[in-house]
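Beneath this line is the structure, given in structure tokens, with notes to follow.
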Amino acid sequence: MKKRPRRVARAFFRYGVPQGAPFDTSVLSCYNSFGTSADGLRAVRKTAFRENDMQSKKLTFIESVMLIAGAGIGTGIISIPYAIARIGVFGTLTALAVAYVVSVFTYLMLADLVRNSKESEDLIGSLNEHVFTGKGRRVLNVVFLVLLALLLLEFLVVYTLCAGNVLADLLGINGALAKILFYLAASSIVFVGVKGMGVGEKISVTLIGVVVIGLTVLSLFHRHGTIPLSFGRGSVVFAVYGLFMYSLSSTFAVIQVCNHIEKPEQTDAPAEGDAKRKPDRTGQAVVWGIALNGILTTVFSVAVILGSENVTEIATIGLSEGIGIPFVKVLCSLLVLGAMFTSFWSIGFAFSDVVFCRFKRSTQLSWLITTLPAALIAVLVPLSVLDYVQIGAGALSLIFLLVVFPAYLHAVKDPIQPLLLGKLSGKRGLIAFVVIGTVLMAAASLIPIS
């Protein structure tokens, strides 16, 4: 342990250090993964450059809210209207309300875990600190890395599949070609950092909101369907709950926000004679981001059901056909493509970071390793969007049950940052509520929608 700082310092001396580069735990984490080989030492230096860039480009509160809202909204506006069309108003509101409450508590717990971890740049770093300890640490690390990779890959497959279907319908081209074109365009992530994603999400989610309002108004003047004032079939309502949980999921966006949101700064207050501190708004970003996601998804679902003669699995296709105005098809397609691009960028960035820090590969190669399989699966494996979404919901719930919740309980025992959940932190009743909600999410993923 004593030699580590000297070796890393030697790496900086040999390969150069960016001015003002922070010498923090994420740099040491990459050092632990790489060792002292020439490639490893270069990677340590690259990590310092990346950290310096991120420190100088923090996310504002609005960008943080939009990043969390945009994380799963693409999947929601594509798949949820098809499911909601099979139940009633009361069943929809029940599924949404329960999913929202469970999601808010779940991601506030995740935020507390990240904020109270010394190695917080990715989920694996936090888990290594709080869960993966002792003799079996390496085995647990590898097992979880595989599970995480499968989940991230599944996210990327859903985005590629949705965007490819919409692009193929818009341009009248082959579906496989459309998915490949989307993948190539989305690969611009290698030139976009976290700050760029935050700005992009702010623009994208704002435009999505404007388009959703416009489509809702148009659907009221071109009504073809109705939403019954009933609860609906219990099993389908249960499945819709699982879809809402998946749509509201923002695991990696929350981690990015915790690490990159503007931190409270000490400011002088001469008039009062003491110092004031700006409030930490991480918790508010989580609450409002998930709420914005749920509101936009639900309003868009209403527009789709009212404006479509037949609600299609890719919701925008049936809506544009039902309204019948030529520019609406373009508008719907751009809406979905924008949502898919931002979601793909967010997950792709998180996934490539995992490979970068653990397998000694460049950023560009890490991106290729992590995202190219998603494009191939979307092209070659003939599953529907809903099939992939439900698989993802089950995988996400398993990860939280097996490792995230135990890590959270360990982190809040001796916190290094104020806890967002306050007095509720670590309470058995709250833990039981969230665990049950997550188990139900996993069970809901097994129920077919059709």
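A short reminder: the numbers here are calculations on the coordinates, not readings from a lab. Everything numeric here is computed off the predicted structure, so don't read it as measured data. Here the Cβ positions follow ideal geometry from the backbone for every residue, glycine too, while neighbour counts run over all protein chains shown.
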**Report entry** Unsatisfied cross-links (Cα-Cα over 29 Å) in the set K202/K413; K263/K413; K58/K118
**Finding:** K202/K413
Query - q = 0.12, 0.13 Å⁻¹, segment 88-173: log10 I(q)/I(0) [Debye, one scatterer per Cα] - result: -0.65, -0.73
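Given R₀ = 30 Å, FRET efficiency for L220-L171 by Cβ-Cβ distance, to 0.05? Working shown, then result.
Working: r = 29 Å, r/R0 = 0.97.
In this case the efficiency is close to 0.55.
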Query raised in the report: Which order results if I80, I213 are arranged by neighbouring Cβ count within 10 Å, fewest first?
Result: I213, I80
Report summary line: Placing each pseudo-label 7 Å from Cα in the direction of the beta carbon, Q417 and S188 end up separated by a distance in nanometres of 3.1
Report task. Please report, to two decimal places, log10 I(q)/I(0) for segment 59-444 at q = 0.11, 0.14, 0.15 Å⁻¹ as given by the Debye formula with identical point scatterers on the Cα atoms and no solvent. Result -> -0.76, -1.21, -1.38
**Report entry** Label point distance in nm, V381-V142, each placed 7 Å from Cα along Cα→Cβ
**Finding:** 2.2
Report summary line: Taking segment 76-138, the equivalent ellipsoid from its C-alpha gyration tensor has semi-axes in Å, biggest first, of 37, 13, 10
Report task. Describe numerically, in nm with one decimal, the distance between label points set 7 Å from Cα along Cα→Cβ at L402 and at L368. Result -> 3.0
